[in-house]
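These notes concern the structure reproduced below.
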Amino acid sequence: MSSTLAEPRPVERENPLRWVRRAFRDFRRSRPFYGGLLAVLAGVPIMYFPYANLSLDGMTIAMATTAGAGSLIIGVLLIVLGLTAWFQPVVRVFAGIATTLLTLVSIPVSNLGGFGLSILPGLIGGGLMLAWAPMPPAEAVEAADTAVAGTAAVAETAPEEQDTAAGAVPASGTSADRPAPQPPAAVEGTLPAQQAGEPEEVR
């Protein structure tokens with residue numbers, strides 16, 4: 001059977017669950033995800049408690065106070081800042097600073113920051129937004145790895161070249177290694193009597 005007449009092989013479709021996980025992973029890695037999530041979670045208690053009606057043994061407890069409007073504004077702003085950090089990572093520094101300040105303001109304004117439930121999430125979320133940085137592109141990572149590998153290779157070859165240069169000594173040796181020339185030894189009986197130090201005979 002000719003290859004031109006063969007039926008094309010059906011393309012395998014990617015598992016939808018795997019595609020969703022991969023898309024979520026790419027979304028999470030490309031923005032301060034956990035900082036925005038903590039900011040959204042911090043805004044919910046601040047916004048909820050001033051308008052909540054709790055029932056205790058048939059008795060309704062209303063916690064609405066004069067700070068209800070302020071609590072609503074702070075809670076909504078925290079949620080908006082968290083979503084902004086997700087969909088506009090460029091303004092992550094502003095969102096982190098604003099989240100930290102609003103969390104601190106909610107302590108005296110909104111029932112001690114939603115009865116303390118929003119203080120830690122708000123402060124940690126603002127810090128994560130400030131500390132987050134985008135991942136470098138793949139080309140920059142490869143260039144940095146190549147530069148590091150080249151520097152390591154040069155550093156390894158330099159000591160070998162120094163050892164080779166230090167061991168390359170001429171066969172005859174240097175002038176400092178040569179022994180100093182010794183004067184010729186005096187042959188007995190060849191020097192005159194005056195040079196030998198013998199007393200001259202008196203005639």
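All of the numbers you see were taken from the coordinates with simple rules; none came from a lab. This one's a predicted model, so the numbers in the text were calculated from it and none came from an experiment. Ideal geometry is used to build each Cβ from the backbone, glycine not excepted, and the neighbour counts take in all protein chains shown.
Structural remarks
- Positive minus negative residues near R21 (Lys, Arg vs Asp, Glu; Cβ under 13 Å): +3
- Among W86, W19, a tally of other beta-carbon atoms within 10 Å of each Cβ gives an order, fewest to most, of W19, W86.
- Relative contact order, whole percent, for segment 32-131 stands at 40, derived from Cα pairs under 8 Å and 6 or more residues apart.
- A straight chain from A147 to V80 at 0.36 nm per residue would run longer than the Cα-Cα distance by 19.9 nm.
- Volume per residue of the C-alpha convex hull in segment 32-131, rounded to whole Å³: 79 Å³
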